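To start, the structure under review is shown below, and the notes come after it.
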Amino acid sequence: MAETVTWEVVRELASFRASKGCAISLYLSLDPSDVPTAVDAQARMRSLLADAERQLHERRTALPRETRGALKADLERLRSWLEGEFDRGGARGLAIFVAGLDGLWRPLPLPEPVEDAARIDRELCVAPLVRLADRPEGAIVAYVGRERADVYRLRGGRLVPVADRTAEVPGQHDQGGWSQARFERHIESIVAKHLAEVAAALDACAGRLRGVPIVLVGPEEARPELEELLAGETRSRVVGWAAAEAHADAPQLLEAAQPLLGRWRAGRDEEVLARWREEAARDGRATFGWEQTLEAAADGRIELLLVQEGSDRPVYRCPECGRAQASDGACPLDGTATDRCSAGLDVVVHETLRHGGTVRVIAGRRDLEPVGGVAAMLRF
């Protein structure tokens, strides 16, 4: 089953640096539309391992004998695990990190597809995980009706049950000798108590999961009374109501909620882009383009790195101090000749996370295209 990719997970992986050898980072897409069968998955796995073996062969003269031997053993371990032990289990992607000499073995089944990739380096490749960590994981989705109430949390691309506050509301066959008016008042009191319990459950969830969006699903008739009962903080985080059948299951509720979550994320992106444009226009705490952003990342000044989805380019890194820059040439700090690094995005992501910043992936829009797809908001 896929795991939730949190910022804590990404920061933990980004903090790793092999001290005794090198690490292998492997990403495999398991999107059912591209990889429908186990045979297809095995073929992609073999191709990725062949790519990693090619990288090892190309670097054989630059690596110590012990490191080469450990990497060969790591590749064999990967092959054995992928062919014999790996259970797809609903995952739509896979990341796996291994560095035998440093005691690292970390498979990470993913809730969304990733591009196939294999890389050998002292640091782990974490840039593909940023897009997943930046999703609205933890969002609260609740079905609320006059009888049914189920509260879920979005985890690993699925809705996980949090609370069930479904009430038994009498039907007409339960009226007995009650007058119609009295019976209706009795039902309304049960419904009112039910909605109050639902509101309390949502307030409790919102209190534990601060900052996450809330989507409510259900009939229009329940909406006014429930919103009146919600605490102000909870109400402010409701991003909208969606419609679904009273018997809708968790996947159907998630499908109904996704458009609202998408609009919430788009609004969040627009807000941060507006802040960035304002700061950049007055030469404030903002960068634009690779040169400025790499410099700010190396100095630990980035609060929020902005990356247009799909953006990447080669950068140049000092082998002595690790400082990266956009153009080839000597390191400005120690004069050492820099090495070309094809995965520039991973470099700037590592530097941002290492200094306590975070990353926002801007999807579905091209605002950052004129500046090379990368920019940042700065602490100072």
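The values are calculated or read from the model by the stated rules, or taken from the named source; none is laboratory data. Only a predicted model underlies this, so the values are computations on that prediction, with no experimental measurement involved. So basically every Cβ, Gly included, is an ideal-geometry build from the backbone, and we count neighbours across all protein chains shown.
Figures for the structure shown
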| read-out | value |
| --- | --- |
| Failed item in (1) surrounded by fewer than 22 Cβ atoms within 10 Å (Cβ to Cβ); (2) in the same structural domain as Ala244 (by TED's automatic domain parsing), with Arg106 passing the rest | (2) |
| Single match in Leu209, Leu260, Leu273, Leu226 (criterion: touching a residue at least 60 places away in the same chain (Cβ under 8 Å) and within 20 Å of Arg155 (Cβ to Cβ)) | Leu209 |
| Glu76 vs. criteria closer than 15 Å to Ser25 by Cα, free of Cβ contacts under 8 Å to residues at least 12 places away in the same chain and of a type outside the set (Val, Ile, Thr) | yes |
| Any hit, region 64-83, residues being of a type outside the set (D, E, K, R), assigned to a loop (DSSP other than H, G, I, E, B), under 30 Å from Arg268 (Cα atoms) and in the same structural domain as Val5 (by TED's automatic domain parsing) | no |
| Filter result for Glu53 (surrounded by 12 or more Cβ atoms within 10 Å (Cβ to Cβ), closer than 22 Å to Ser342 by Cα, without any contact (Cβ under 8 Å) to a residue 40 or more places away in the chain and assigned by TED's automatic domain parsing to the domain that holds Glu3) | yes |
| Residue that is modelled with the lowest pLDDT, among those in region 183-237 that are closer than 30 Å to Asp134 by Cα and touching a Pro at 6+ places or on another chain (Cβ under 8 Å) | Val212 |
| Hits in region 137-147 (condition: in a loop (DSSP other than H, G, I, E, B) and either touching an Asp or Glu at 6+ places or on another chain (Cβ under 9 Å) or surrounded by fewer than 19 Cβ atoms within 10 Å (Cβ to Cβ) (or both)) | Glu137, Gly138, Gly145, Arg146, Glu147 |
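Here's the yes/no breakdown for (1) of a type in the set (Lys, Arg); (2) out of contact with any Pro (no Cβ under 8 Å at 6 or more places or on another chain); (3) crowded, with 17+ Cβ neighbours inside 10 Å; (4) modelled with pLDDT of 75 or more:
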{"site": "Cys125", "(1), (2), (3), (4)": "no, yes, yes, yes"}
{"site": "Ala133", "(1), (2), (3), (4)": "no, yes, yes, yes"}
{"site": "Val151", "(1), (2), (3), (4)": "no, no, yes, yes"}
{"site": "Gln172", "(1), (2), (3), (4)": "no, yes, no, no"}
{"site": "Trp178", "(1), (2), (3), (4)": "no, yes, no, no"}
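Condition check ((1) out of contact with any Phe, Trp or Tyr (no Cβ under 6 Å at 6 or more places or on another chain); (2) of a type in the set (D, E, K, R); (3) at pLDDT 95 or above) across all residues:
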site: Ala256; (1), (2), (3): yes, no, yes
site: Leu260; (1), (2), (3): yes, no, yes
site: Gly267; (1), (2), (3): yes, no, no
site: Leu273; (1), (2), (3): yes, no, yes
site: Arg282; (1), (2), (3): yes, yes, no
site: Ala286; (1), (2), (3): no, no, yes
site: Glu291; (1), (2), (3): yes, yes, yes
site: Leu294; (1), (2), (3): yes, no, yes
site: Ala297; (1), (2), (3): yes, no, yes
